[in-house]
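Remarks on the structure that follows.
Rule-based calculations on the coordinates, nothing more; no lab input. Just so we're clear, the structure is a prediction, and the values are computed from it rather than from any experiment. Cβ: placed from backbone, ideal geometry, glycine included. Neighbour counts: every protein chain shown.
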């Protein structure tokens, strides 16, 4: 039996990259997948591909930085399927960041990164939690980054935002635990997708030299951890961070 059979899973930023790979894995495991994002073309294409592959999927257009938009999105998902069992907070701003000393980061860029990566994660959790509580169970999986654990240089705003996601994961786990809702995080390393095409060779070299496993990761290396944390196999885990980066960070 597929480990997510019949579950309704909401994935933010699932129109491309790691988010789309997560959506594909969840659908393959029997989940009904809500693809949530701002880009209607990519989001609808992802949902259509999941449906064409025999799964059940719905695209909902929403900006995760706006509370009303997130509340409306979750209501649409509930109206479609009558429940919500899990949320994956994958949407984040990463493209084009990096290479700047912290003194050179502009206030506007700092605020934009924090709005999407931190505020967006909070608002998605806030909008989804009532449905998980109503179901009497639920799973939240936040996608952070291993840089929050080893302190990647020259993109302080991104590192700080992903560190905030780690801290939020632990605090939310305590708040939602009494409602039988688990909150965990996955911390990938540098994984080649559309979002990481602009990463410098210097950063790529840091990973290739530091990893224990000497090969480049693929999205499939990450999505298994996400599916596990959404499944009943992880029911007694909460407040944890799973690092999936080939052994660059060893905890």
Could you tell me the distance between the Cα centroids of the stretch 62-86 and the stretch 144-210, to the nearest Å?
24
Arrange the peptides 29-39, 164-174, 99-109, 121-131 so that the one whose residues have, on average, the most other Cβ atoms within 10 Å appears first.
29-39, 121-131, 164-174, 99-109
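Count the DSSP beta bridges whose two residues both fall in the stretch 1-151, then state the antiparallel fraction as a percent rounded to the nearest 5.
Details: 0 of 18 bridges.
So the antiparallel bridges amount to about 0 percent of the total.
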Given the stretch 203-251, report the % of alpha carbon pairs whose separation exceeds 17 Å.
45
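What order do you get for 190, 18 when you list them from fewest to most C-beta neighbours inside 10 Å? Display every interim value, and only then the final one.
Details: 190 22, 18 25.
Ascending Cβ contact count within 10 Å gives the list 190, 18.
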Take the alpha-carbon positions of the chain, form their convex hull, and give its projected area averaged over all directions (one quarter of the hull surface) in nm².
12.8
Note down the Stokes-Einstein diffusion coefficient of the stretch 1-80 in µm²/s, whole number, using a Kirkwood radius over alpha carbon pairs, 20 °C, and 1.002 mPa s.
176
Divide by every residue of the chain the summed helix terms, -39500 (n - 2.57) for each DSSP H run of at least 4, and state the resulting mean residue ellipticity at 222 nm, rounded to the nearest 500 deg cm²/dmol.
-14000 deg cm²/dmol
Distances longer than 23 Å among the Cα atoms of the stretch 88-216: what percent of all pairs is that?
37
